[in-house]
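Computed from the coordinates by the stated procedures, all read-outs in this text should not be read as laboratory data. Fair warning: this is a prediction, and the values are worked out from it, not measured in the lab. Reconstructed Cβ throughout: ideal geometry from the backbone, glycine too, with neighbour counts over all protein chains shown.
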């Protein structure tokens, strides 16, 4: 009982003083400087949560991947010179990949990669800003499967798909980027709560497509605000995949509640804004019965339209190609679309649209980013220890019978008065018994020191007849 | 009854005369059942089979005597559980069965009493030795002999047996996604003529006739009279306990940098690159998006093209579409694809590395998923990718094969 109380005290003190997390916790955030000739990845490998990796100007030919949280990867710009990540010579896939949450990627010039320039997969709370990305086979900047992010002040050109592609995401602001000479400028796909604001999208095949695609994990897309962008001369035919559908400024495909407000939309030859149902994708995509194919509640308010739709390309109305588009072309049904008067737009297919209520001002909607970073479920230190015991240890150890590893009763007898010794051993197990009897235990050094000590106390003092 | 030897009388009759075939098959079946009955003695109520009162690995016993899955992925933020990712929470799970129900399900899973002929258990095609699959191109249902790759004779089914890892997270079942629950999936296999060929009534009667099962169901469900739904529940309880979330890959993603080699990490980076797009459908942490997808896998040699989900949905654009299988423990469950079209992982990777539709050339009626692209991976990159796939192996939750099952029938081992 006395031991149990001590354990409770220990856990409580840890809970108050040091939050237990997965992975080592740095006492003080460090800065790791990378100079030309060194590998950025080596620095990222050394970094722990809270650290900043600063990369000096020079040429770096590698793929940098960040599979840990809260690491800042900063390119240091000196007299206009940036660190250059170049994948060309080594035929590399991606410039920077991040799966960790809370990363900042800034200050780089990323070029010549086979897949993406900068991509996040499953990362939340990210910020990607002040990067130059060019000559990328697919996407320049590609955050995916993430919530709460910012993509701002980047310049992306010459990607054969999208310059910026936000896929299957929520609560992302895409602000003040320049995207040009790409197949697509800024694409928001199968996403919710995306703010695309103040960007300059020019000379792409399509400036800003907002779309839902079938056959993916998410079956809805909604609440996208396209505000105060310059969407100009998106008539590029240089990329095979988009040359038959070029000339589009902003497109909305089956996404609900898209608000297009305050943009300058100029010189896009097929349409300034095209609204379409999912069927516009045609037979190249499978039918996804879970997706409602019509866009609803598109709002077009206070935009400036100049000379769009002068030579339509790939635009079909009722199965027939039409020669001239318009500033706004609606090919969809859907309900609740609205248009605020006095924009002077040449229109096609908007006769049933209603007059809009006023658009949300910047005071109403300044950002779709979350006020606070998305956090994990709040667990006490004791809960985390208990969870880890079952999530990891119980796979091989039972209390009093032999599974893959020896029973906990044996471990308790071995380390009765030595929780520190057990915590140390968990991180770097050495063979105690013949390999024929038990396979080698993998090191559990990814669990923080505090968590391992908590586990050791738990195993020695708590695991018993009432446990699994 | 399988005609592996046509000199046997039963087979000759079977070929010549349909009516005689029926009679002869019935007679032989009756004789076989009698022999099985003689050889296997159902265990009495107080026989040595006892149900565990502890949860399986990775589950903890919570209030109400219910087992709850615990995983380190629970420590990550939950953005949208459908998406997937790396350091992310898992989607909702089907846990909350009692230790007794799970363990009873284990006995049922290995017990051939589930089949009409009393010679086929779940484990014949989902065997621990073959990572809960059977190592065959296509599984053999009724009238077969043996288990795993050595199973022979009998009804060859059109598709491979999927490995049963992480069913606890799945929303639809079978390669064509035609079952919306594990219960529905299990009932289909139990009652399909080419597989277990039983009926709910027959199964309930068989199980109720075994004293040991009555005692076990009493312990697990507090019921005197065993019902079909309880049989299904117990098997579901067991199957959802088969989790695999502690591979070298998982340790790496939780922060153990050294858990993967440089080659394996390179494979991971190719896996998640958008040139290859593997992670778009085989999305971590479960390594499946759960979607139904046409990839253009050709018909298996000598068989007609399998239309997959089109037959279920009547949707022509889903012709040849199949559920994206999880890659967890994939290195342990060759051959691959829905009917064994790829022998090795390198074969499977090579299939995806070629031009989309290359293996079904000439067919213009397939709507390949738009993530099917031509990745142009070099051979060394494919080798690294395969090395990465080997890091997804974790069979620590592999169930223990029971020494005996309540029916007394032979346990496949």
Legend entry - Highest average packing first - A:334-342, B:119-127, A:163-171, Cβ atoms within 10 Å: A:163-171, B:119-127, A:334-342
Inset, instruction - Please compute P(r) over all alpha-carbon pairs of the stretch A:117-180, binned at 5 Å starting from zero, and give each bin as a whole-number percent. - result: 5, 22, 32, 24, 15, 2
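So how do A:147, A:424, B:70 line up by other beta-carbon neighbours within 10 Å, fewest first? It would help to have the intermediate numbers written out before the result.
Working: A:147 29, A:424 15, B:70 24.
In increasing order of surrounding Cβ atoms, one gets A:424, B:70, A:147.
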Inset, instruction - May I ask you to sort A:266, A:89, A:68 by Cβ crowding, counting other Cβ atoms within 10 Å and putting the fewest first? - result: A:89, A:266, A:68
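Can you pull the percent of Cα pairs in the stretch A:298-383 with separation above 22 Å?
Details: 1834 of 3655 pairs.
Cα-Cα pairs in the stretch A:298-383 separated by more than 22 Å: 50 percent.
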Inset, instruction - Rounded to the nearest 0.05, what FRET efficiency do residue A:372 and residue A:31 give with R0 = 25 Å and r taken as the Cβ-Cβ distance? Could you check? - result: 0.45
Inset, instruction - Give the Kirkwood hydrodynamic radius (Å, one decimal) of the stretch B:55-208, defined as one over the mean of 1/r across all pairs of different Cα atoms. - result: 17.1
Inset, instruction - Using all C-alpha to C-alpha distances in chain B, build P(r) with 20 Å bins and read off the rounded percent in each one. - result: 25, 54, 20, 1
Inset, instruction - Specify, per residue and in Å³, the volume enclosed by the convex hull of the alpha carbon atoms belonging to the stretch B:206-312. - result: 225
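Report the semi-axes of the equivalent ellipsoid for the stretch A:23-138 in whole Å, largest first, where each axis is √(5λ) for an eigenvalue λ of the Cα gyration tensor.
Details: eigenvalues 91, 51, 30 Å².
Computed over the stretch A:23-138, the values are 21, 16, 12 Å.
In square nanometres, what is the average projected area of the Cα convex hull of the stretch B:170-254? All intermediate terms of the calculation are to be shown ahead of the outcome.
Values: hull surface 31.7 nm².
Averaging across all directions leaves 7.9 nm² for the Cα convex hull.
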Inset, instruction - Can you figure out the FRET efficiency of residue A:321 with residue B:344, using R₀ = 51 Å and their beta-carbon distance, to the nearest 0.05? - result: 0.60
Inset, instruction - With viscosity set to 1.567 mPa s and temperature to 4 °C, compute the Stokes-Einstein D of chain A, Rh being the Kirkwood radius across alpha carbon pairs; µm²/s, no decimals. - result: 52
Legend entry - Spin-label pair residue A:400/residue A:230, simplified geometry with 7 Å Cα→Cβ offset, distance in nm: 7.8
Inset, instruction - Please give the helix A:2-17 orientation as an angle from the longest Cα principal axis of chain A, in degrees from 0 to 90, rounded to the nearest 10. - result: 30
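Can you give the Rg to Rh ratio of the protein assembly as shown, both from alpha-carbon atoms, with Rh computed by the Kirkwood formula? Walk me through the intermediate numbers first.
Values: Rg = 30.0 Å, Rh = 29.7 Å.
Over the Cα atoms of the protein assembly as shown, Rg/Rh equals 1.01.
Over the alpha-carbon set of the stretch A:71-146, divide Rg by the Kirkwood Rh and report the Rg/Rh ratio to two decimals. It would help to have the intermediate numbers written out before the result.
Numbers: Rg = 11.8 Å, Rh = 12.3 Å.
Checking Rg against Rh, the ratio lands at 0.96.
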Inset, instruction - With the Cα gyration tensor of the stretch B:135-176 in hand, give its eigenvalues times 5 under a square root as the equivalent ellipsoid semi-axes, listed largest first in whole angstrom. - result: 23, 11, 8
Legend entry - Between helix B:182-191 and chain B: long-axis angle, C-alpha atoms, 0 to 90°, nearest 10: 50
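Would you mind ranking A:441, A:304 by Cβ crowding within 10 Å, fewest neighbours first? It would help to have the intermediate numbers written out before the result.
On the way: A:441 19, A:304 15.
Exposure proxy ranking, most exposed first: A:304, A:441.
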Legend entry - Distance (nanometres) between label positions extended 7 Å along Cα→Cβ at residue B:180 and residue B:364: 3.7
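Give the calculated FRET efficiency between residue A:90 and residue B:390 to the nearest 0.05, with a Förster radius of 25 Å applied to their Cβ-Cβ distance. Can you show the working numbers first?
Details: r = 24 Å, r/R0 = 0.97.
Result of the calculation: an efficiency of 0.55.
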Legend entry - 10 Å Cβ neighbours from other chains, averaged over peptide A:214-227: 3
Inset, instruction - Evaluate peptide B:263-275: per residue, the Cβ atoms of other protein chains within 10 Å of its Cβ; return the mean as an integer. - result: 5
Legend entry - Distant alpha-carbon pairs in the stretch A:153-220 (separation over 17 angstrom), percent: 37
Inset, instruction - Scale the Cα Rg of the stretch B:299-413 by the rule-of-thumb value 2.2 N^0.38 Å and send over the ratio, two decimals. - result: 1.36
Inset, instruction - Calculate for chain A the 222 nm mean residue ellipticity that helices alone would give, adding -39,500 (n - 2.57) per DSSP H run of length 4 or more and normalising by residue count, nearest 500 deg cm²/dmol. - result: -4000 deg cm²/dmol
Inset, instruction - Work out the mean other chain Cβ neighbour count within 10 Å for the residues of B:247-257 and drop it here as an integer. - result: 5
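Beyond 17 Å, what percent of the Cα pairs of the stretch B:344-388 remain? Provide the component values of the computation, followed by the final result.
On the way: 359 of 990 pairs.
When all Cα pairs of the stretch B:344-388 are counted, 36 percent exceed 17 Å.
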Legend entry - Cα centroid separation, the stretch A:351-425 to the stretch B:391-413 (Å): 31
Legend entry - Cα long-axis angle, helix B:379-389 against chain B (0 to 90 degrees, to the nearest 10): 50
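Find how much the distance from residue B:41 to residue B:258 grows on full extension, using 0.36 nm per residue of separation minus their present alpha carbon separation; answer in nm with one decimal.
On the way: separation 217, 0.36 × 217 = 78.12 nm, distance 5.25 nm.
72.9 nm is the gain from fully extending residue B:41 to residue B:258.
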Legend entry - Stokes-Einstein D for the stretch A:347-460, Kirkwood Rh over Cα pairs, 25 °C, 0.890 mPa s (µm²/s): 135
Inset, instruction - Once every Cα of the stretch B:294-338 carries one equal point scatterer and solvent is ignored, give the base-10 log of I(q)/I(0) from the Debye formula at q = 0.21, 0.26, 0.34 Å⁻¹, two decimals. - result: -0.77, -0.96, -1.18
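Starting from the exponent 0.38 and prefactor 2.2 Å, build the expected Rg for the stretch A:240-300 from its residue count and divide its actual Cα Rg by it. All intermediate terms of the calculation are to be shown ahead of the outcome.
Details: Rg = 12.9 Å, N = 61, 2.2 N^0.38 = 10.5 Å.
That works out to 1.23 for the stretch A:240-300.
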Inset, instruction - Just the ratio, please: alpha-carbon radius of gyration of the stretch A:246-343 over 2.2 N^0.38 Å, N its number of residues. - result: 1.06
Legend entry - Label-point separation in nm, residue B:401 to residue B:354, each point 7 Å along Cα→Cβ: 3.7
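Which order, highest average first, do A:117-124, A:278-285, A:172-179 follow once you tally other Cβ atoms within 10 Å for each residue and take the mean per peptide? Walk me through the intermediate numbers first.
On the way: A:117-124: 29.6, A:278-285: 15.1, A:172-179: 24.0.
My ranking of the peptides, most packed first, is A:117-124, A:172-179, A:278-285.
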Inset, instruction - Could you pull the Rg and Dmax for the stretch A:127-264, using just the Cα atoms, both in Å? - result: 13.1, 34
